[in-house]
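Here is the structure we will look at, set down as structure tokens.
The values are calculated or read from the model by the stated rules, or taken from the named source; none is laboratory data. All values derive from a computational prediction rather than experimental measurement. Here the Cβ positions follow ideal geometry from the backbone for every residue, glycine too, while neighbour counts run over all protein chains shown. Quick note on the areas: whole protein, heavy atoms, side chains included, nothing else; ligands and nucleic acids left out. Shrake-Rupley method; radii C 1.70, N 1.55, O 1.52, S 1.80 Å.
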Amino acid sequence: LTSLDGYFQLLKEAERVEDRQRYYTIINSRIGSLKEILEQLFTYVKLQNDEYELESEKVNINQVICDVLFSFYEELKTMNLDPEVELPDQVSYAMVNHQAMKRVLQNIIKNALDHGKDNLNLKMEIVGTEILISISNRQKEEDFVDSSKVFERFYKADESRSHISTGLGLSIAKELVEKMDGKIEAQVINDTFGIKLRLKNVE
């Protein structure tokens with residue numbers, strides 16, 4: 001809010017059209033970040049209530065993955081990334097909350113794009129009675145994480161960085177997955193950070 005107030009003052013005083021446009025763009029971006037932070041905090045608080053439940057339905061997981069990836073199209077294009085995606089030919093379903101499942105994948109992919117480098121790898125496979133979804137990419141040196149802490153609330157790999165974040169994205173993902181009777185885990189192999197989701201496959 002302090003930052004926004006400062007840029008509003010600069011916008012008010014700016015005389016050149018180019019400066020006004022630049023300040024407008026910054027303000028718009030900061031408002032978007034603020035909205036995201038408030039939404040993350042609101043969601044996290046809701047999930048702390050033991051009585052808060054998610055309504056489940058039979059959801060096409062293949063389709064959810066495709067929809068979420070498409071929602072990141074502009075960001076991937078800007079970053080010049082072409083994600084490596086491997087989905088089974090067979091359509092798989094899980095009893096989950098559709099919006100919560102999208103939110104989980106969005107949070108994981110956003111985390112990967114914010115703190116990783118090089119390409120994004122996403123693989124879905126059927127292992128026994130489970131749907132296994134793996135999302136990984138290489139970490140930036142300054143963002144190396146402790147895989148045992150990534151699901152803790154407010155955890156950040158580097159507190160000194162100015163990147164706007166609540167540190168709640170993966171914590172919220174974990175809470176949502178567990179409320180849908182799924183499992184989530186993180187691992188670091190060499191310089192690659194990955195998240196694995198396990199959901200019950202239903203016919």
- Item | Checking Ile131 against (1) modelled with pLDDT of 95 or more; (2) over 18 Å from Met180 (Cα atoms), the condition it does not meet | (2)
- When you look at Leu10, is it touching a helix residue (DSSP H, G or I) at 6+ places or on another chain (Cβ under 6 Å), closer than 23 Å to His98 by Cβ, open to solvent by less than 90 Å² (accessible area, probe 1.4 Å) and of a type in the set (A, V, I, L, M, F, W, C), yes or no? no
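Name the residue that is surrounded by the most Cβ atoms within 10 Å (Cβ to Cβ), counting only residues in segment 76-128 that are among the hydroxyl-bearing types (Ser, Thr, Tyr) and in contact with a strand residue (DSSP E or B) (Cβ under 7 Å, 6 or more places away or on another chain). Working first, answer last.
So in segment 76-128, the residues among the hydroxyl-bearing types (Ser, Thr, Tyr) come out as 78, 92-93.
Keeping just the survivors that are in contact with a strand residue (DSSP E or B) (Cβ under 7 Å, 6 or more places away or on another chain) gives 92-93.
Details: Ser92: 20, Tyr93: 18.
Among those residues, the one meeting the criterion is Ser92.
Rundown of residues vs (1) in a helix (DSSP H, G or I); (2) aromatic (Phe, Trp, Tyr), yes/no style:
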residue: Ser3; (1), (2): yes, no
residue: Leu10; (1), (2): yes, no
residue: Asp19; (1), (2): yes, no
residue: Ile27; (1), (2): yes, no
residue: Leu38; (1), (2): yes, no
residue: Tyr52; (1), (2): no, yes
residue: Met95; (1), (2): no, no
residue: Gln99; (1), (2): yes, no
residue: Lys110; (1), (2): yes, no
